Structures are given as structure tokens and as C-alpha cells.
Amino acid sequence: MDKLKIVPYKATYKSEFEVLNRLWIEKYFVMEDEDLNTLQNPESYVIDKGGEIFFAILEENVVGTAAMIPSGKGIFELAKMSVRPEYQRKGIAKELLRRCISFSKERGAKEIFLITNDSLKPALNLYLSNGFVLNELNDDERYDRGNTKMNLILGEE
């Protein structure tokens, strides 16, 4: 993966953001209103709020994506992380996650949280191996599938 680049959002990648996330959401779950709002309006839901959407580029192809969405003072939500199935298990998600964590630190964030589903074992393992911990108080009800909340407290690594 020496040629892998992690780059910030460009309007030319907008459709890839939706396509990549539809791949996993529609495989395991169903698209929900919150998904559609974010995926079809990335500028207003992420970028304009001071967030960022990163894209993993390999040989000029978008192979992965992840979003960092501001959620209160010093807090970002890691959302909409996806890697094309044929590129999974090659460290791309890990590189996207590292960039998302760096982005949060660069902005002085104290915490990152994410909402996932406990059936997505590879994702859970990735998050746990990078310092996220399970949060028993899942107070986020935006997604029917979101039965697991995880947090990473920054600066305590």
C-alpha cells in the first residue's frame, strides 16, 4: 500500500462517498434517512460544519472513505467509514482511521465517538485496536442499526 494516499474532500469525490457507503449499509442493513441526508449532502452535513471527509486513493481510484463530523465543543463523530470490498484487509481502513484521529487532534478535539453495530466484528476490532472503548451509555438514536457506541479520549494514548 505504498502508493495509498489519504486526501481531503473534493466535490469530484462526492458520488464516491455515497457509493462506497451504500456498499456496506445495503449489504448488512437498510439505508435510513440519516444515511441519505449525510451521503447526499456531504457539504452541508460535514464540510460546512467544520468537518472533513477523507478519501483513500490508490492508483487514481477511490477505494475508501471516512468522515469526521463536529458534534459539540471538542468532539468529533467518526462516521461513514467504508472500504471497497476488494480492498479490505489491506490496512486501508487503518490508514483512514489514523488520518481521522490526526485531523481531530489538529483541531484540538478531546474526544471522538462513533456509532456502529456489534455484528460488524472487523470494524469493532479495528476501533478497539486503535484505542476506542465501548460506551455502555449509547444515547444516540439516529440509526436503528446503531446498537454500539465507542469513544476515544484524545491525549491519553
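Quick one: Arg99 ticks every box in (1) open to solvent by 30 Å² or more (accessible area, probe 1.4 Å); (2) in a loop (DSSP other than H, G, I, E, B) except a single one, so which number is it?
Every condition holds for Arg99 apart from (2).
Check Leu134, Leu128 and return the single one that is assigned to a strand (DSSP E or B), surrounded by fewer than 16 Cβ atoms within 10 Å (Cβ to Cβ) and without any contact (Cβ under 8 Å) to a residue 24 or more places away in the chain.
Leu134
Looking only at residues in region 71-81 that are buried (at least 23 other Cβ atoms within 10 Å of the Cβ) and not aliphatic (A, V, I, L, M), which one is nearest to Glu106 (Cα to Cα)?
Phe76
Which condition from (1) within 11 Å of the chain's Cα centre (by Cα); (2) in contact (Cβ under 8 Å) with a residue 60 or more places away in the chain; (3) not in a strand (DSSP E or B) is the one that Ser119 breaks?
(1)
What are the residue pairs meeting all of these: first residue in region 142-156, first residue of a type in the set (A, V, I, L, M, F, W, C), second residue modelled with pLDDT of 90 or more and open to solvent by 30 Å² or more (accessible area, probe 1.4 Å), Cβ atoms under 6 Å, and 6 or more apart or on different chains?
Once the first residue is of a type in the set (A, V, I, L, M, F, W, C) and sits in region 142-156, its partners that are modelled with pLDDT of 90 or more and open to solvent by 30 Å² or more (accessible area, probe 1.4 Å) give Met150/Leu134; Leu152/Gly131; Ile153/Glu111; Leu154/Lys105; Leu154/Lys110.
Residues of region 104-157 being among the hydroxyl-bearing types (Ser, Thr, Tyr) and either modelled with pLDDT under 95 or touching a Ser or Thr at 6+ places or on another chain (Cβ under 6 Å) (or both), which ones?
Thr116, Ser119, Tyr143, Thr148
Of all residues in region 71-84, which are among the small types (Gly, Ala, Ser) and touching a residue at least 40 places away in the same chain (Cβ under 8 Å)?
Just the residues of region 71-84 that are among the small types (Gly, Ala, Ser), to begin with: 71-72, 74, 79, 82.
The answer is Ser71, Ala79, Ser82.
Tell me which helices (runs of 4 or more DSSP H) are completely within region 1-70 and hold 2 or more residues being open to solvent by 60 Å² or more (accessible area, probe 1.4 Å), closer than 17 Å to Glu86 by Cα and in contact (Cβ under 8 Å) with a residue 60 or more places away in the chain, or say none if there are none. Give the steps one after another, and end with the answer.
Details: elements: 14-28, 33-40, 42-45.
Where helices (runs of 4 or more DSSP H) fall fully within region 1-70 and carry at least 2 residues being open to solvent by 60 Å² or more (accessible area, probe 1.4 Å), closer than 17 Å to Glu86 by Cα and in contact (Cβ under 8 Å) with a residue 60 or more places away in the chain, they are 14-28.
The values are calculated or read from the model by the stated rules, or taken from the named source; none is laboratory data. The model shown is predicted, which means the values in this text are computed figures rather than measured ones. Glycine gets a Cβ as well: all are built from the backbone with ideal geometry, and neighbour counts include every protein chain shown. All accessible areas refer to the heavy atoms of the entire protein, side chains included, with ligands and DNA or RNA removed. Shrake-Rupley method; radii C 1.70, N 1.55, O 1.52, S 1.80 Å.
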